[in-house]
1. Looking only at the stretch 76-95, count how many residues are free of Cβ contacts under 8 Å to residues at least 24 places away in the same chain, touching a helix residue (DSSP H, G or I) at 6+ places or on another chain (Cβ under 7 Å) and more than 21 Å from Val129 (Cβ to Cβ).
2. From (1) surrounded by 22 or more Cβ atoms within 10 Å (Cβ to Cβ); (2) more than 18 Å from Ile141 (Cβ to Cβ); (3) more than 12 Å from the chain's Cα centre (by Cα), pick out the condition that doesn't hold for Leu78.
3. So Ala62 ticks every box in (1) in contact with a Lys or Arg (Cβ under 8 Å, 6 or more places away or on another chain); (2) among the aliphatic types (A, V, I, L, M); (3) within 16 Å of Ala110 (Cα to Cα) but one. Which box is left unticked?
4. Looking at Leu73, Leu22, Leu44 in this structure, which one is among the aliphatic types (A, V, I, L, M), modelled with pLDDT under 80 and surrounded by fewer than 19 Cβ atoms within 10 Å (Cβ to Cβ)?
5. Could you check, for the stretch 114-128, whether at least one of its residues is assigned to a helix (DSSP H, G or I), surrounded by 15 or more Cβ atoms within 10 Å (Cβ to Cβ), hydroxyl-bearing (Ser, Thr, Tyr) and modelled with pLDDT of 95 or more?
6. Could you tell me which residue of the stretch 81-113 is surrounded by the fewest Cβ atoms within 10 Å (Cβ to Cβ), considering only residues that are small (Gly, Ala, Ser) and not in a helix (DSSP H, G or I)?
7. Just to be sure, is Ala134 in contact (Cβ under 8 Å) with a residue 60 or more places away in the chain, small (Gly, Ala, Ser) and surrounded by 14 or more Cβ atoms within 10 Å (Cβ to Cβ)?
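The values are calculated or read from the model by the stated rules, or taken from the named source; none is laboratory data. Everything numeric here is computed off the predicted structure, so don't read it as measured data. In this analysis, Cβ positions are derived from the backbone assuming ideal geometry, glycine residues included, and neighbour counts consider all displayed protein chains.
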Amino acid sequence: MSPAAGSGYPIDRAGRGAAGLLAQDRRHPGAGTADRSAGEVLALCRADDYARAGVPMLPVVAGAQETRRQILLYALTLLPAGAAPWVLGLAGPLYGIAAIFAGAGMVGLAWRLRRPRAGGEAALFAYSVVYLFAVFAALLIDHRLFGSA
């Protein structure tokens with residue numbers, strides 16, 4: 001691997017940047033799914049800017065369609081990962097309901113993103129911020145009401 005010209009990010013012989021290499025690692029698909037999806041959605045919105053700057057984000061190195069596929073995979077992973085604290089008894093029912101509905105919303109928006117439409121990426125990015133707020137708020141309220149873990 002050698003650094004991409006002027007970027008400081010490593011690229012391999014196939015020209016994939018660091019983001020592309022991380023996305024290729026199928027052994028850990030659930031690592032950082034919420035912020036990973038948000039980051040890739042933002043990169044999808046700004047792919048031209050990243051390409052001009054030589055920053056090897058996933059949409060630049062793998063294309064928009066592959067990025068959309070990865071976002072859907074992250075969202076599908078996020079749904080059970082988000083519900084895990086409830087399933088494992090570490091959180092109560094309020095959190096469980098909020099995590100399932102918020103995760104389903106993320107999957108739904110990621111599914112709609114498969115076919116490019118104006119504003120789809122921005123809507124998913126905005127929802128990812130709301131998702132994090134909602135699940136953390138539900139976790140705090142749930143702990144107050146039910147005294148879970």
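1. Of the stretch 76-95, the ones free of Cβ contacts under 8 Å to residues at least 24 places away in the same chain are 80, 83-84, 86-88.
Narrowing further to those that are touching a helix residue (DSSP H, G or I) at 6+ places or on another chain (Cβ under 7 Å): 83, 86.
Keeping just the survivors that are more than 21 Å from Val129 (Cβ to Cβ) gives 86.
Number satisfying all stated conditions: 1.
2. The one condition Leu78 does not meet is (3).
3. (3)
4. On the way: Leu73 fails: modelled with pLDDT under 80; Leu44 fails: surrounded by fewer than 19 Cβ atoms within 10 Å (Cβ to Cβ).
Leu22 is the lone residue from the list that is among the aliphatic types (A, V, I, L, M), modelled with pLDDT under 80 and surrounded by fewer than 19 Cβ atoms within 10 Å (Cβ to Cβ).
5. No, every residue in the stretch 114-128 fails to be assigned to a helix (DSSP H, G or I), surrounded by 15 or more Cβ atoms within 10 Å (Cβ to Cβ), hydroxyl-bearing (Ser, Thr, Tyr) and modelled with pLDDT of 95 or more.
6. Taking the stretch 81-113 first, the residues small (Gly, Ala, Ser) are 81-84, 89, 91-92, 96, 98-99, 102-105, 108, 110.
Those left that are additionally not in a helix (DSSP H, G or I): 89, 91-92.
Values: Gly89: 9, Ala91: 23, Gly92: 21.
This residue is Gly89.
7. Details: in contact (Cβ under 8 Å) with a residue 60 or more places away in the chain: no; small (Gly, Ala, Ser): yes; surrounded by 14 or more Cβ atoms within 10 Å (Cβ to Cβ): yes.
Against the criterion (in contact (Cβ under 8 Å) with a residue 60 or more places away in the chain, small (Gly, Ala, Ser) and surrounded by 14 or more Cβ atoms within 10 Å (Cβ to Cβ)), Ala134 does not qualify.
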